[in-house]
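What follows is calculated from the coordinates using simple rules that are stated; it is not laboratory data. Values in this document were obtained by computation on a predicted structure and should not be read as measured data. Methodologically, a virtual Cβ is constructed for each residue, glycine included, from the backbone with ideal geometry; neighbour enumeration extends over all protein chains shown.
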Amino acid sequence: MKTKIAPSLLSCDFGNLNNEIAWLNDSSADYLHIDVMDGLFVPNISFGFPIIQCVKKRSTKPLDVHLMIQHPENYIKEFHELGTDILTFHYESVIHIHRTVQEIKKLGMKAGIAINPHTPINVLNDIITDIDMVLIMSVNPGFGGQSFIENTYQKVSDLKQLIEHKKCNTWIEVDGGVNEKNSSKLIQSGVDMLVAGSAIFNSNNPSEMIEKLRMV
């Protein structure tokens, strides 16, 4: 499967959002990645429902929504109504993991689980066959522009082994500090989808950068 690229709107020019989405629509990006932060689970606040609704109206790309919030299980219906395609919540933020996954999938969305840099892969042993994607955070969540954590390569490899052992088709996504210097090694380690913000939006040629990130 060709590696998928999901540009992170957290790094886009919000004063020029219509134009940003327009060029993304014309690009080879596979998803638009939207980080939702509540200022509680992570020390930052980002997109609310009105912004996501605006993005959905203008975007031809499916939405990959990453919830960095407390009690994400309380908002599953709202994100479905906004047109979310993949809804990912943090393992660290939910008590009833399986129930939350089932609620997401019942509404027709793909269900993802994100894990922070300090969270080991083995916490996913009992849920990996029920989810569509695992998002490995390669920075501490909350802010864009952070440096990539090198141990991520090993976590990706360990997760790939677990997926193969369980004989499931779960995607591996990585988010945080992804750029053309580490994307190739991440793909070789087993990543299916890369989230990139600064590397794309700060590039002189963002569309070309999307293609560079796919190169092995």
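Below are the figures for this structure:
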{"item": "Charge-dipole axis of segment 4-214 as Lys and Arg at +1 and Asp and Glu at -1 on Cβ define it, positive-most pick from Pro43, Asn182, Asn140", "result": "Asn182"}
{"item": "Charge tally in the Cβ shell below 12 Å around Ser184, where Lys, Arg are +1 and Asp, Glu are -1, Ser184 excluded", "result": "+3"}
{"item": "FRET efficiency, 1/(1 + (r/R0)^6) with R0 22 Å, evaluated for Glu150 and Asp85 via beta carbons", "result": "0.10"}
{"item": "Pairwise centroid distance, computed over Cα atoms, of segment 139-216 with segment 51-127, Å", "result": "19"}
{"item": "Net charge of neighbours whose Cβ lies under 13 Å from the Cβ of Val156, counting Lys and Arg as +1 and Asp and Glu as -1", "result": "-3"}
{"item": "Greater than 32 Å apart at Cα, pairs in Lys61/Lys167; Lys57/Lys185; Lys61/Lys185; Lys160/Lys181", "result": "Lys57/Lys185"}
{"item": "Segment His118-Asn18, length gained on full extension (0.36 nm per residue, minus Cα span)", "result": "32.3 nm"}
{"item": "Order of Ser147, Ser59, Ser198, Ser8 under a 10 Å beta carbon neighbour criterion, fewest first", "result": "Ser147, Ser198, Ser59, Ser8"}
{"item": "Which of Trp23, Trp171 has the fewest Cβ neighbours within 10 Å, and the rest in rising order", "result": "Trp23, Trp171"}
{"item": "Highest-first arrangement of 80-92, 9-21, where packing means the average Cβ count within 10 Å", "result": "80-92, 9-21"}
{"item": "Electrostatic dipole magnitude of segment 39-81 [Cβ: Lys, Arg +1; Asp, Glu -1; Cα centre; debye, to 20]", "result": "260"}
{"item": "Cα-centre dipole for segment 4-214 with unit charges at Cβ (Lys and Arg positive, Asp and Glu negative), debye to 20", "result": "280"}
